Structures are given as C-alpha cells and as structure tokens.
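The values are calculated or read from the model by the stated rules, or taken from the named source; none is laboratory data. Just so it is clear, the structure is predicted and the values come from calculations on it, not from any experiment. Reconstructed Cβ throughout: ideal geometry from the backbone, glycine too, with neighbour counts over all protein chains shown. Just the protein is used for accessible areas: all its heavy atoms, side chains included, with ligands, DNA and RNA removed. Shrake-Rupley method; radii C 1.70, N 1.55, O 1.52, S 1.80 Å.
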Amino acid sequence: MLLSTDVWVAALMRRAELAGAFAVVARKGDASAGAVLVKAYNPRTREARLYAEALRGDGQRVWMAPIADTTEAEIDAYVERARRRDPDLWVVEIEDVEGRTFLTEPVEKR
C-alpha cells in the first residue's frame, strides 16, 4: 500500500459507510505498515468471505481469498491464527446486504 495502513483502512471504511454498509475495525495493527485482512459478511445469505492483500507474479497488488470456506466460524479461526503470527495485523469487518468488499484493487477469484 502506498498510504499508511491507518489512512487506507479509514478510506475503506468510509467507502463502505457511504454505500450504506457497516464497517468496523475488529483489530487494530501497526498504523504505518500493518497487513490487512478484510472480512465481508452478507447477512442475507449468512456467508462471509475473507480477503488478504497479495502480489501477483507480475508485481500487481491484488486481493485474494486465503481461505475458501465461507462459514464465519472457520474464517474467524483463520483470522485468530493469522493474528497470533502477525501482531501488527489489522482486521476490518464489513457487513453489507450485497456482500460487497469496497476494495478498489483487483480481487482474484479462486
């Protein structure tokens, strides 16, 4: 990310809120350079998806699903394991009835 993590997270949350979604920082990490996980939850379908930033082979930054499971319990377990490995990790949770992520970078599909 070119911006500090705290500024990037604030912008993501603002995009979500302007579109009528609910966004919250579930875990605050390092303000300047912490990695970010984005959990998108759709209350209509009760499905959750988790996204992590990655670099493709061509050097482009993308978001990908580090876990294929869409159950909230499995995603929360993955987040907890990741948090133990990386104390600077941020976790942003977005609840949206359309299941949108509000990420502006490309999202890779499995």
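When you go through (1) open to solvent by less than 50 Å² (accessible area, probe 1.4 Å); (2) part of a helix (DSSP H, G or I); (3) among the aliphatic types (A, V, I, L, M) one by one for Ala10, which number turns out not to apply?
(1)
How many residues are modelled with pLDDT of 90 or more and in contact with a Leu (Cβ under 8 Å, 6 or more places away or on another chain) if we restrict to the range 50-68?
8
Answer yes or no: is there a residue in the range 65-76 that is small (Gly, Ala, Ser), open to solvent by less than 30 Å² (accessible area, probe 1.4 Å) and assigned to a strand (DSSP E or B).
Just the residues of the range 65-76 that are small (Gly, Ala, Ser), to begin with: 65, 68, 73.
Going one step further and asking which of them are open to solvent by less than 30 Å² (accessible area, probe 1.4 Å), we end up with 65.
Of the ones still in play, those that are also assigned to a strand (DSSP E or B) are none.
Scanning the range 65-76, I find no residue that is small (Gly, Ala, Ser), open to solvent by less than 30 Å² (accessible area, probe 1.4 Å) and assigned to a strand (DSSP E or B), so the answer is no.
Kindly list the number of the only condition in (1) of a type in the set (S, T, N, Q); (2) in contact with a strand residue (DSSP E or B) (Cβ under 8 Å, 6 or more places away or on another chain); (3) under 23 Å from Arg84 (Cβ atoms) that fails for Ser32.
That leaves (2) as the condition not met.
Got a sec? Which of Arg44, Arg15 is assigned to a loop (DSSP other than H, G, I, E, B), open to solvent by 50 Å² or more (accessible area, probe 1.4 Å) and either at pLDDT 95 or above or of a type outside the set (Ser, Thr, Tyr) (or both)? Step through it out loud before you land on a result.
Details: Arg15 fails: assigned to a loop (DSSP other than H, G, I, E, B).
Only one candidate passes the filter, namely Arg44.
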